[in-house]
1. When the helix-only estimate is applied to the chain (DSSP H runs of n ≥ 4, each -39,500 (n - 2.57), divided by the residue count), what is the mean residue ellipticity at 222 nm, nearest 500 deg cm²/dmol?
2. To the nearest 20 debye, what charge dipole does the chain have about its Cα centre, counting +1 at the Cβ of each Lys and Arg and -1 at the Cβ of each Asp and Glu?
3. Considering only protein heavy atoms, what is the solvent-accessible area of I79 at a probe of 1.4 Å, reported in Å² to the nearest 10?
4. Roughly speaking, to the nearest percent, how much of the chain's 1.4 Å accessible area is carbon and sulfur?
5. Only Cα pairs within less than 10 Å get springs; with that Gaussian network setup on the chain, which residue of G29, G51, G91 has the largest fluctuation?
6. Just grab the label-to-label distance for R78 and K108, each label 7 Å out from Cα along the Cβ direction, in nm (one decimal).
7. Leaving out ligands and nucleic acids, and using a 1.4 Å probe, what accessible area per residue does the chain come to in Å²?
8. Could you please tell me the mean projected area of the C-alpha convex hull for the chain, averaged over all directions and given in square nanometres to one decimal?
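The values are calculated or read from the model by the stated rules, or taken from the named source; none is laboratory data. Not measured: the values here are computed from a predicted model. Note that each Cβ is placed from the backbone with ideal geometry, even for glycine, and that neighbours are counted across all protein chains shown. All accessible areas refer to the heavy atoms of the entire protein, side chains included, with ligands and DNA or RNA removed. Shrake-Rupley method; radii C 1.70, N 1.55, O 1.52, S 1.80 Å.
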Amino acid sequence: MMESRKIVDIALGVVVMGTVGTLIGTTMGGGLMPVAVAIGLVLGVVIGFLGGRRFLVSILVGTVTGGLLAWLLAGADRIWVGAGAGAAMGGFLGVQISMLLDVRAAKKAAAEQVETSPS
């Protein structure tokens, strides 16, 4: 049985990546919409299953922020463009921040190991 945290991560992945797939499908045209949505949903399940919660949250924040900025600057008919661009930027920044946090944690663990080792 899957633990509840993993189910929540998978659901978050499906919602976020399904939304991104819908935004990409809108940009590409009506005929490719089902393909883009399907790919987004599959990626959401995989990312959620692998525990990419920080990545998904960064995409979600980017999508909402990009959509709001587009709405304020270009009007309601361009929200989907801003949301799609914001999702891309959010994903990029999420990966970079995650890598920096991992490097920081590794340095901290190495420093603690040096301090606790007998001389």
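1. So the helix-based figure for the chain works out to -30500 deg cm²/dmol.
2. Using Cβ point charges on Lys, Arg, Asp and Glu, the chain gives about 60 debye.
3. Only protein atoms counted, so the area is about 60 Å².
4. Solvent-exposed carbon and sulfur of the chain make up 74 percent of the total.
5. Taking springs between Cα atoms under 10 Å, the residue moving most is G29.
6. About 4.1 nm separates the two model spin labels.
7. Each residue of the chain exposes 67 Å² on average to a 1.4 Å probe.
8. Values: hull surface 40.9 nm².
For the Cα atoms of the chain, the hull's average projected area reads 10.2 nm².
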